[in-house]
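Written out below as structure tokens is the structure these notes cover.
The values are calculated or read from the model by the stated rules, or taken from the named source; none is laboratory data. Only a predicted model underlies this, so the values are computations on that prediction, with no experimental measurement involved. Note that we place each Cβ from the backbone using ideal geometry, even for glycine, and neighbour counts take in every protein chain shown.
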Amino acid sequence: MTRALVSLAALFLLAALAPQQGIDQHGIIDMDGEVFSPPDPREKAEWTFARLEYDLGYQYGRYGFRRWAADWPKADRQFIRGVKRLTRVEARSTETLVDLDSEEIYNWPWLYVEDPGGWRLSPKQAARLREYLLRGGFLMADDSHGDYEWQVFEDGIRMVFPDRNIEDLRDKDELFQVVYDLSDRVRIDGTRYIWGYRWPYTPDSATPEWRAIRDEKGRIMVAICHNSDVGDAWEWADSPEYPEHEASVAYRIGVNYIIYGMTH
């Protein structure tokens with residue numbers, strides 16, 4: 001009984017510490033008191049930051065803790081500004097949210113999924129994601145940590161691709177060389193570790209893992225950042241308290257993943 005109460009209390013604490021987002025009747029997004037304008041679907045661009053929404057299952061969904069929305073929309077908006085400054089890509093000024101239950105997924109060739117260590121895919125969703133990726137789509141999976149979250153992510157991605165290999169990427173892989181040389185990439189820390197209100201890294205979450213799933217022609221369809229939180233670095237790059245080098249690497253990782261995904 002005591003252990004169950006502690007677990008329940010921990011879940012409520014996590015929900016309280018998570019960024020709180022709200023959308024008013026005009027589409028204005030409020031994130032912890034910071035206001036963001038709604039996306040403009042009429043803005044023309046060659047690349048849009050598309051964030052995947054997914055089901056959470058009973059464990060987290062009942063408390064209203066939307067793990068797919070962590071860092072949203074600030075991380076998305078700040079990264080978009082970086083893309084505009086660092087590349088010639090015509091990026092849309094605002095992100096879009098993509099429901100995995102919608103055919104709209106096929107309108108966005110590049111997808112970002114936050115914290116897939118908490119997702120729960122239905123067979124229909126897995127089939128749609130499989131078709132999307134095999135048609136040429138690209139998925140960047142970020143911010144899963146430790147063995148448990150890896151297992152949850154892998155259970156979901158195995159519904160998508162039961163037989164495809166999940167490989168560890170090498171420094172000289174094209175994904176790490178297409179724009180920036182990322183041979184010196186480092187673990188990208190989340191603020192929950194840097195600013196001290198979460199326990200220290202456990203042995204299974206201390207080493208960054210850069211993994212991928214390819215199609216039959218060798219194209220990377222799914223690029224996985226495990227034991228790193230690239231989105232947090234995008235979100236807090238403007239904070240003097242966030243490590244500058246990690247923020248710089250995070251932006252370079254994102255740019256490489258965009259250019260690779262849009263050209264392969």
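Among the residues that make up segment 56-70, is at least one of them exposed (fewer than 13 other Cβ atoms within 10 Å of the Cβ) and either under 20 Å from Trp234 (Cβ atoms) or modelled with pLDDT of 65 or more (or both)?
no
So that you can scan it fast, the table gives a plain yes or no per residue for (1) among the small types (Gly, Ala, Ser); (2) at pLDDT 95 or above; (3) out of contact with any Ser or Thr (no Cβ under 9 Å at 6 or more places or on another chain); (4) under 20 Å from Gly118 (Cα atoms):
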| residue | (1), (2), (3), (4) |
| --- | --- |
| Trp150 | no, yes, no, yes |
| Arg170 | no, yes, yes, no |
| Tyr180 | no, yes, yes, no |
| Ile188 | no, yes, no, yes |
| Trp199 | no, no, yes, yes |
| Asp215 | no, yes, yes, no |
| Cys225 | no, yes, no, yes |
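Could you please tell me which pairs satisfy a Cβ distance under 6 Å, a separation of 6+ or placement on different chains, a first residue in segment 136-150 that is closer than 19 Å to Tyr260 by Cβ, and a second residue that is at pLDDT 95 or above and among the hydrophobic types (A, V, I, L, M, F, W, C)?
Correct list of pairs: Phe138/Trp110; Leu139/Leu111; Leu139/Val222; Met140/Ala223; Ala141/Val113; Ala141/Ile224; Asp142/Cys225; Asp142/Val230.
Kindly provide the set of residues from segment 82-113 that are of a type outside the set (A, V, I, L, M, F, W, C), within 21 Å of Ile259 (Cβ to Cβ) and in contact (Cβ under 8 Å) with a residue 40 or more places away in the chain, ordered by number.
Those that are of a type outside the set (A, V, I, L, M, F, W, C), within 21 Å of Ile259 (Cβ to Cβ) and in contact (Cβ under 8 Å) with a residue 40 or more places away in the chain: Gly82, Thr87, Glu90, Arg92, Ser93, Thr94, Glu95, Thr96, Pro109, Tyr112.
Just checking, does segment 25-44 include any residue being at pLDDT 95 or above and among the β-branched types (Val, Ile, Thr)?
No, there is no match, as no residue in segment 25-44 is at pLDDT 95 or above and among the β-branched types (Val, Ile, Thr).
Yes/no per residue for (1) surrounded by fewer than 15 Cβ atoms within 10 Å (Cβ to Cβ); (2) at pLDDT below 95:
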residue	(1), (2)
Thr87	yes, no
Ser93	no, yes
Leu121	no, yes
Phe138	no, no
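Being outside any strand (DSSP E or B) and basic (Lys, Arg) is the filter here; which residues of segment 208-228 pass it?
Residues satisfying the conditions are Lys217, Arg219.
Considering each of Glu95, Glu104 in turn, give the residue that is of a type in the set (Asp, Glu), farther than 16 Å from Ile213 by Cα and more than 18 Å from the chain's Cα centre (by Cα).
Matching residue, one of Glu95, Glu104: Glu104.
Restricting attention to segment 165-186, and to residues there that are in a loop (DSSP other than H, G, I, E, B) and in contact with an Asp or Glu (Cβ under 8 Å, 6 or more places away or on another chain), which single residue is surrounded by the most Cβ atoms within 10 Å (Cβ to Cβ)?
Of everything passing the filter in segment 165-186, Leu182 is surrounded by the most Cβ atoms within 10 Å (Cβ to Cβ).
Spot the failing condition for Met159; the list is (1) assigned to a loop (DSSP other than H, G, I, E, B); (2) touching a Ser or Thr at 6+ places or on another chain (Cβ under 9 Å), and only one is missed.
Evaluating Met159 over (1) assigned to a loop (DSSP other than H, G, I, E, B); (2) touching a Ser or Thr at 6+ places or on another chain (Cβ under 9 Å) leaves (1) as the failure.
Name the residues in segment 187-201 that are part of a loop (DSSP other than H, G, I, E, B) and surrounded by 12 or more Cβ atoms within 10 Å (Cβ to Cβ), would you?
Of everything in segment 187-201, those that are part of a loop (DSSP other than H, G, I, E, B) and surrounded by 12 or more Cβ atoms within 10 Å (Cβ to Cβ) turn out to be Arg187, Ile188, Asp189, Gly190, Trp195, Arg198, Tyr201.
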